[in-house]
Amino acid sequence: MHDSTTRRWARLSREGIEHRQPGSGRRSVSTRAQDSALVAEVEANLHQSASSIKVNARFPGSSRTVIRRLRDVGHYPRVAATKGCITDDHRLFRLAFAEENVNFD
């Protein structure tokens with residue numbers, strides 16, 4: 001940090017101001033409606049990539065911004081679970097189980 005920045009924050013701290021003014025940061029690249037469109041797109045299909053969500057929702061920001069916006073509302077990236085292929089032995093066990101339990105509800 002520059003010395004002038006340090007002195008300014010020290011002065012503001014003495015005056016009782018320990019945070020930035022509301023609205024003094026960088027402007028958002030998206031509107032609340034665009035953020036809502038992102039959330040709706042994710043809720044329609046949870047297993048999309050950030051780049052496909054960005055394209056489908058016509059979001060003006062980057063894929064990283066999409067991830068940040070979704071994280072802010074509680075949606076986190078998901079990866080579909082991978083399952084092993086069923087083997088011939090598994091098929092035989094499943095068939096035997098089904099035949100044994102064919103009369104059960």
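The values are calculated or read from the model by the stated rules, or taken from the named source; none is laboratory data. No experiment lies behind these values; they were computed from the predicted model shown. All Cβ positions, even for glycine, are placed from backbone atoms using ideal geometry, and neighbour counts span all protein chains on display. Please note that ligands, DNA and RNA were not included when accessible areas were found on the heavy atoms of the full protein model with its side chains. Shrake-Rupley method; radii C 1.70, N 1.55, O 1.52, S 1.80 Å.
Find out how many positive minus negative residues lie around Thr31, taking Lys and Arg as positive, Asp and Glu as negative, among other residues whose Cβ is under 14 Å from that of Thr31.
Values: positive: Arg27, Arg32, Arg58, Arg69; negative: Asp35.
Around Thr31, the surrounding residues sum to +3.
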Selected from Ser30, Asn56, Val42, residue furthest toward positive end of dipole (the stretch 6-64; charges at beta carbon): Ser30
Centre separation in Å (Cα based) which lies between the stretch 62-100 and the stretch 14-32: 41 Å
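What accessible area per residue comes out for the chain, rounded to a whole number of Å², with a 1.4 Å probe?
Values: 9190 Å² over 105 residues.
So the chain comes to 87 Å² accessible per residue, rounded to a whole number.
Could you grab the relative contact order for the chain? Cα pairs under 8 Å, six or more apart, rounded to a whole percent.
On the way: 42 pairs, mean separation 18.5, N = 105.
Contact order relative to length: 18 percent.
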What order do you get for 36-45, 85-94, 69-78, 16-25 when each peptide is scored by the mean count of other beta carbon atoms within 10 Å, highest first? 36-45, 69-78, 85-94, 16-25
Mean separation of Cα contacts under 8 Å, 6 or more apart, over the residue count of the stretch 17-69: relative contact order %: 33 percent
Among [x] 1.30; [y] 1.56; [z] 2.05, the entry that matches Cα Rg over 2.2 N^0.38 Å as calculated here: [z]
Show that you can apply the helix-only estimate: for the chain, add -39,500 (n - 2.57) for every DSSP H stretch of four or more residues, divide by all residues, and state [θ] at 222 nm to the nearest 500. -16000 deg cm²/dmol
